[in-house]
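The values are calculated or read from the model by the stated rules, or taken from the named source; none is laboratory data. These figures come from a predicted structure and were not determined experimentally. What goes into the accessible areas is simple: the full protein's heavy atoms, side chains included, and nothing from ligands, DNA or RNA. Shrake-Rupley method; radii C 1.70, N 1.55, O 1.52, S 1.80 Å.
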Amino acid sequence: MTGTQGTARIVTRRTVVAAAGATGLAAALVACGGSDAPAESGAGSDSESGSAAGKSTTPDDSAGGGAGPADALAKTSEIPEGGGMVFADQGVVVTQPTAGEFKAFSSKCTHAGCAVKDISDGIIHCPCHGSQFSAADGSVKAGPATQPLPATPIKVTGDSITLA
């Protein structure tokens, strides 16, 4: 040393474990995090033309705009039949299993807590480990999840869907 005395740092086991846990949590959040991009792939946008039946979509900035309530998640016309939309900020996935029937569930997979990503052909998919859930009732269609997605109450008023 050059004449000054350094400060000794004591690293405890608790500090190391906490740092490792925080790093693991950050990695899990990045891996399970959502995206503002549409969940489906392919060229062009067919979600407005009605040809998106059975596919998932993600909300855009216009969801809930217009004549509907300001706190609306979406308009009924934005939820494709046989598919649905994931609302990451609200932690909910809204589906339309059959024409005019709307359901909502927690978007948190019951296996490891990852956010479900997309809905197609009546199935809600979790990207982390491949769990699949029914868009009609949230039941497990394929594991490793063993518990269904919990139902979330919603209210359909006119063409607006809101959390109840």
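Gain in length, Glu101 to Ala151, computed as 0.36 nm per residue apart minus the alpha-carbon separation, to one decimal in nm?
Working: separation 50, 0.36 × 50 = 18.00 nm, distance 1.42 nm.
Separation in residues times 0.36 nm, less the Cα-Cα distance, equals 16.6 nm.
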Under a no-solvent Debye model with one identical scatterer per Cα of the stretch 88-164, what's log10 I(q)/I(0) at q = 0.18, 0.22, 0.24, 0.25 Å⁻¹? -0.64, -0.92, -1.07, -1.15
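Hey, any idea what % of the stretch 112-162's accessible area is carbon plus sulfur with a 1.4 Å probe?
Working: 1240 of 2360 Å².
Of the solvent-accessible surface of the stretch 112-162, carbon and sulfur hold 52 percent.
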Where Asp89, Asp118 fall by accessible area, highest first, once all protein chains stay in place (1.4 Å): Asp89, Asp118
Compute, for Phe102, the solvent-accessible surface of its heavy atoms (probe 1.4 Å) with the complete set of protein chains present, and express it in square angstrom to the nearest 10. 40
